[in-house]
């Protein structure tokens, strides 16, 4: 039976077709614009769209980034470890989850997650479950975020790590998970990775009952 659909609407993708596809268009020229020496760099690529012989190549700026991890750490009382941190670019102290940058491309994300939870919060976990993986802003950066659910939590101390700059002002709290969901939905919490992790885990709970 054919579905009645108004003219001009996009087709409906079948099962297993709604997924990202790996692809790489030819880069005719790549120029380094800026390199900070810390985490990020900016390059300009001259991109050629395959099969578009009558179209001139176009320039795209790419922020290079080794990727990062985000940790949703939940204790036995169903409380989430959160931190309020000053973020200069936003002009806010944001409620966030423990997170951190991979020191270099190819570093095992779960090992980065272990390190960041320990250094930022002084907490270790015995159970690590991948939650999701997303591109933070694919229009201009290659940064990919890897999210983990951490359980079996123990307070262990920071293993000698001395925070500085914004991290020296971190405030750490425990928030009941359901309350965190409500704060995300009412807009009280706006940090993108935190929103993604909380809603993804909420959806996973509903799916598994």
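All of the numbers you see were taken from the coordinates with simple rules; none came from a lab. Nothing here was measured: the structure is a model prediction, and the numbers come from that model. Cβ placement follows ideal geometry from the backbone for every residue including glycine, while neighbour counts extend to all protein chains displayed.
For segment 138-209, the calculated P(r), taken from all Cα-Cα distances in 5 Å bins from zero up to the bin holding the longest distance, is 3, 10, 15, 21, 21, 17, 9, 3, 0 percent.
Structural descriptor for the chain: relative contact order 20 percent, calculated from alpha carbon pairs under 8 angstrom and at least 6 residues apart.
Each principal axis of the Cα cloud of segment 92-195 was evaluated for its coordinate range; sorted largest first, these ranges are 36, 33, 30 Å.
Here the label points at residue 140 and residue 164, each 7 Å from Cα along the C-beta direction, are separated by 2.9 nm in the simple model. Note on residue 133/residue 56: beta-carbon distance plugged into 1/(1 + (r/R0)^6) with R0 of 35 Å gives a FRET efficiency of 0.50.
Scaling against 2.2 N^0.38 Å puts the C-alpha radius of gyration of segment 8-50 at 1.89.
Where does helix 109-121 land angle-wise versus the long Cα axis of the chain, in degrees 0 to 90, nearest 10? It is inclined by approximately 40 degrees. A crude spin-label estimate for the pair residue 46 and residue 103, with each label 7 Å from Cα along the Cβ direction, gives 3.9 nm. For segment 83-148, a/c is not less than 1.5, where a ≥ b ≥ c are the root eigenvalues of the C-alpha gyration tensor, and a/b does not top b/c. That puts it in the oblate class. With contributions of -39500 (n - 2.57) from each DSSP H run of at least four residues, the per-residue ellipticity at 222 nm computed over the chain stands at -6000 deg cm²/dmol. Each listed q (0.08, 0.09, 0.13, 0.16 Å⁻¹) maps to a log10 I(q)/I(0) for the chain from the Debye sum over equal C-alpha point scatterers, namely -0.38, -0.48, -0.88, -1.15. With both partners inside the chain, how many of the DSSP beta bridges are antiparallel, as a percent to the nearest 5? Roughly 85 percent of the DSSP beta bridges within the chain come out antiparallel.
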